[in-house]
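Here's the structure, in structure tokens; my notes come after.
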Amino acid sequence: MESQVFPHPPASPVLAVAPPPQRRKTRRERLREELLNAPNLMTLGRILCIPVFMGLLAYENRRNSFLAALVFAAAAISDWLDGWLARVSNKVTTLGKFLDPLADKIIVLSALVMLVRLGRVPVWVVVIVLARELLISGLRTIAMSEGLVIAASRGGKWKTSLQLSGIIALMVHYHFPIDYLLWTVVTDFHAVGLTLLYISLVPGITSAIDYVRAFYTLETGEGR
């Protein structure tokens, strides 16, 4: 009897199952996720430094002044560190863009107000610093609402460096012997801090003028 060969049935095609559509995150979930990333947590840590150095200065003495300066210096250094971390880890967020400059302004103004209370800084210096910050914040807000971007100027960076260094020296306040390699000099940190703070007003005012000029140029369309 002749054997019959039956063909195998064709293999059923493998159907690719599409992944279920991902649920869109709510605004609260997005904010929580942004808040808990490393750069923004560092920014929050900087803000938490404020009551620490203010508390130390509230009970001012030689030791507490030095500790307050250390805490403020750590907050200032972390300002650069969290920005660098956000860029290299690709975690630049909308919340971070809001929190980072806000933290900077609150930290600096809190320190200056406390130094005014201790009689280490003239009131008119704080008024100029505050007026500049309000002016530039207002210009940036208006520019952003119109889709314009005003780049940070070099003078603003010089202002920040001199201002932070001056505040740290003013927090130290007292005389300390410093070894300058060839000789040891008793340094008056209060005088050093005031000098740096006064010098910081120059690039601060000139950079504010640059911001106003840049805003006017963009507004009239001359810079496009």
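A few comments on the model shown:
- Sparse packing (at most 15 other Cβ atoms within 10 Å of the Cβ) combined with a DSSP loop state is found for the following trypsin sites (Lys or Arg not before Pro) in the range 37-137: Lys91.
- Net charge dipole size for the range 30-220 [Lys, Arg +1 and Asp, Glu -1 on Cβ; Debye, nearest 20]: 100
- Pairs of alpha carbons in the range 72-176 whose separation is greater than 24 Å (percent): 31
- The Kirkwood hydrodynamic radius of the range 91-139, based on inverse pair distances between different Cα atoms, is 12.0 Å.
- The range 48-98 gives an Rg/Rh value of 1.17, both radii derived from C-alpha positions and Rh following Kirkwood.
- Virtual paramagnetic centre 7 Å along Cα→Cβ of Thr206, amide N under 15 Å, in the range 152-172: 153-163
- The ranking of Thr26, Thr187 from fewest to most other beta carbons within 10 Å of each one's beta carbon is Thr26, Thr187.
- With Cα atoms defining each centre, the range 136-212 and the range 36-65 are spaced 19 Å apart in the structure.
Throughout, read-outs are computed from the coordinates displayed, never taken from laboratory work. What you see is a predicted model; the values in this text were computed from it and never measured. Note that each Cβ is placed from the backbone with ideal geometry, even for glycine, and that neighbours are counted across all protein chains shown.
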